[in-house]
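Structure, as structure tokens:
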Amino acid sequence: MELRGPEPLGSRPARQNPRLWAAAGRRAAPYLVLTALLIFTGAFLLGYVVFRGSCQACGDDVMVVSEDVNHELGPDSHQGTLYWSDLQAMFLRHLGEGRLEDTIRQTSLRERVAGSAGMAALVRDLRAVLLRQKLDHVWMDTHYVGLQFPDPAHPNALHWVDAAGKHGEQLPLEDPDVYCPYSATGNATGELVYAHYGRPEDLQDLRARGVEPKGRLLLVRLGVINFAQKVASAQDFGAQGVLIYPDPADFSQGPHKLSLSSHRAVYGHVHLGTGDPYTPGFPSFNQTQFPPVQSSGLPIIPAQPISADTASLLLRKLEGPVAPQEWQGHLPVSPYRLGPGPGLHLGVNNHRASTPISNIFGCIEGRSEPDHYVVIGAQRDAWGPGAAKSAVGTAILLELVRTFSSMVSNGFRPRRSLLFISWDGGDFGSVGSMEWLEGYLSVLHLKAVVYVSLDNAVLGDDKFHAKTSPLLISLIENILKQVDSPNRSGQTLFEQVVFNNHSWEAEVIRPLPMDSSAYSFTAFAGVPAVEFSFMEDGPVYPFLHTKDDTYENLHRVLRGRLPAVAQAVAQLAGQLLIRLSHDHLLPLDFGRYGDVVLRHIGSLNEFSGDLKARGLTLQWVYSARGDYIRAAEKLRKEIYSSEESDERLTRMYNVRIMRVMRRGESRGRTLGLPTGGSRRNRRGGRTGLGARPSQERPTASESRGWSSTSCPSTCRRPTHRSATSSWVAETTRWVLCWTTCGCCARVAPGPLGRRPRWRGAWASRRAASGASWPCSPGRCRGQPTR
């Protein structure tokens, strides 16, 4: 072996052995991995500590409201500490200075048909009234919608026809200008059949008794379900047309009760939905042209309201089996028969016109959360005098505007913005409110706290009903204990209700009807809503939607107590607005949803045998309810242990509270009835408070058939336009949400626009199998849109 000494400096170095470097690399690899892991863990923990408040929106969006109403409402920028008793006294003092009765009388005397010259004058006057109140903002928006009106030159007609099809005697339509908006136009001929209320079960019963509704004209009574549902049921059973009449049996009876005249017909639209049916899913702004599509809720058969006198003439001609005892009415015909009867011809000549309608807005800006809106609205239009239909609600709305404006002038400022709205087009299916929702859905979906409706507020004085979402029930109970009964001295409204029924909730709470503007807010936008009504004990107010709905008749029905009942509604709505706009934490009772789910599960138990035969079980529903209840308790403890003076934390909790309703009941997923709007969440814009209405293109995730709206905003992919530090923070927050929220794996790409292969492949397999995302309890759930 040759031995060599050290090579001289500057000489060529020896060649290195690559195997030695590979071995050294293998020895160093664990240390490099460990170092990288420690850096990532440190960044992970730092991001979690910094942004845990924001990312909690991915958690359990549930809250249980406190029952105590005498709590401190928080510091006001002008007055120091305000308590509920202070605000209540201030509100009642300013409310007592109004003149509700005079406003109701004057409004009912004005022409208020949508699109008429009288309505245009009223719009100018109401806008001037709001401007005089010195609100922070007053504005209008105008929609050009398709409304249907009768043709004076070619009125609708009803004729007998003989066996050869020739027209015989014409039957009187004693109110020729009373019609069914959105009825199909044209002619319908067939034998006449009596079908009770026109419900599906009535038509099934009719068929079971050997009387086929297919190919015939149906005579149905007013009540139980609305006009649109009656016509839709008749259409489903193959009927040619529908005649709707008011039977005296469904209205007040007795020597001291007012009843509808026998020659009066009742008005009602027949669109099974809300909004403009000729632009479904689109806001009708500025005469914008949309594809020529129509709502699926428009009927394809004609319909016409008739009077009780005309119905008597028809019933006398019917033959066939005698109607069941519960189908018998109080017309001078005995007994009612099912038919069929002689041939009848119905001609409907209504015409459609593009009509401008105007909504009027007034806003008091909030001091702490000005971008969260507590909305209160009332229908302004009416077919006929409309004293109970819309004059009362309009008068109460104006009185509340004046009262809150006076309170602001005396130092009061709500935490959240108050938005007062006068709707147009309500008699055609809440057209004004629905078009506004369609135009500004993305803003209202996130920013509207609650909607309070004043429509049909006073129809009597014996009973009180609240048609509402479950989240508001506890708050309504607390407010009822603060408002005096209008017809029982020394009692509150709650004591009056409990006197009639110890189960106050069963006595008072009702579901939202589809023909209410409040329904659109809940079913289409996911905003909790409430509509108050004082009712008569027994049959309903008989003059609604007729020419007899005058101030004098409403005053007589209430036996002179109209001012007191209207004042009670104003007190109830006003105190509700104060609690919703001024409380630190939104007083919405999310814990009640556990009871609601349990009631629905109970209704499914009767089908447990059928479910088991199909290999299905309700165990997962029970488990989900348990998860919900535990999440509610967890969040309640978090809120009670938090610092009330921390504005940022309070706002975060309020955002979480608002998201519960939006995810649980938005766009009709829970209520199950059509709204006439699009199912896809369009991006809107300006509500008059922030951005312009627009029809944006779908996002990339939506174009692939997936909805990104169910994923919390905190899980959104960070943008590269933000500052570097902000982008890093957003990226850290996204990673946190992505690793804990199943929906984000498929919906949102990664921080750099990439998606990890294993996660994306897993998501694709879940989608192919049709399974929902297995997020942990209480976290957001993303599912494919159908």
* Asked: Leaving out same-chain residues fewer than 8 places away, which lysines sit with a Cα under 21 Å from that of Lys166?
  -> Lys317
* Structure fact -> Binned at 10 Å starting from 0, the alpha-carbon pair-distance distribution of region 298-370 in whole percents comes out as 13, 28, 19, 11, 13, 10, 6
* Would you order Met140, Met434, Met407 from fewest to most other beta-carbon atoms within 10 Å of each residue's own beta-carbon? => Met140, Met407, Met434
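Ranking Ser533, Ser422, Ser368, Ser334 by Cβ neighbours within 10 Å, fewest first, what do you get? Let's see the in-between values first.
Numbers: Ser533 22, Ser422 29, Ser368 19, Ser334 10.
Listing Ser533, Ser422, Ser368, Ser334 from fewest to most nearby Cβ atoms yields Ser334, Ser368, Ser533, Ser422.
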* To do: Enter the Cα centre distance for the pair region 533-561 and region 157-185, rounded to the nearest angstrom.
  => 30
* Structure fact -> Taking Trp620, Trp504 and counting other beta carbon atoms within 10 angstrom, the fewest-first order is Trp620, Trp504
* From the P(r) of region 360-433, can you give the percent of Cα pairs sitting at distances over 14 Å? => 63
* **Packing-based order for 324-331, 267-274, using average beta carbon neighbours within 10 Å, highest first** => 267-274, 324-331
* Asked: Within straight cross-link reach of Lys547, meaning Cα distance under 16 Å, which aspartates and glutamates are found once same-chain residues fewer than 8 apart are removed?
  -> Glu111, Glu174, Asp175, Asp177, Asp381, Asp427
* Structure fact -> Check: C-alpha center region 230-282 vs C-alpha center region 302-320, spacing in Å is 14
* Cα centroids of region 410-443 and region 88-126: how far apart, whole angstrom? -> 17
* region 157-349: equivalent-ellipsoid semi-axes (sqrt of 5 x gyration tensor eigenvalues, Cα, Å) -> 28, 20, 17
* **Long pairs among Lys230/Lys389; Lys467/Lys634; Lys134/Lys467; Lys467/Lys612; Lys447/Lys467, criterion Cα-Cα beyond 27 Å** => Lys467/Lys634; Lys134/Lys467; Lys467/Lys612
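How much of the DSSP bridge set in region 157-349 is antiparallel, in percent, rounded to the nearest 5? List each step's numbers first, then the result.
Details: 16 of 27 bridges.
Bridges in region 157-349 are about 60 percent antiparallel.
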* Structure fact -> Under the rule rounded for a/c under 1.5, else prolate if a/b exceeds b/c, else oblate, using alpha carbon gyration tensor axes a ≥ b ≥ c, region 542-654 is classed as oblate
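Read-outs throughout are calculated quantities, based only on the coordinates presented, and are distinct from any laboratory measurement. Keep in mind it's a predicted model, so treat the numbers as computed, not measured. We place every Cβ from the backbone using ideal geometry, glycine too, and count neighbours over all the protein chains shown.
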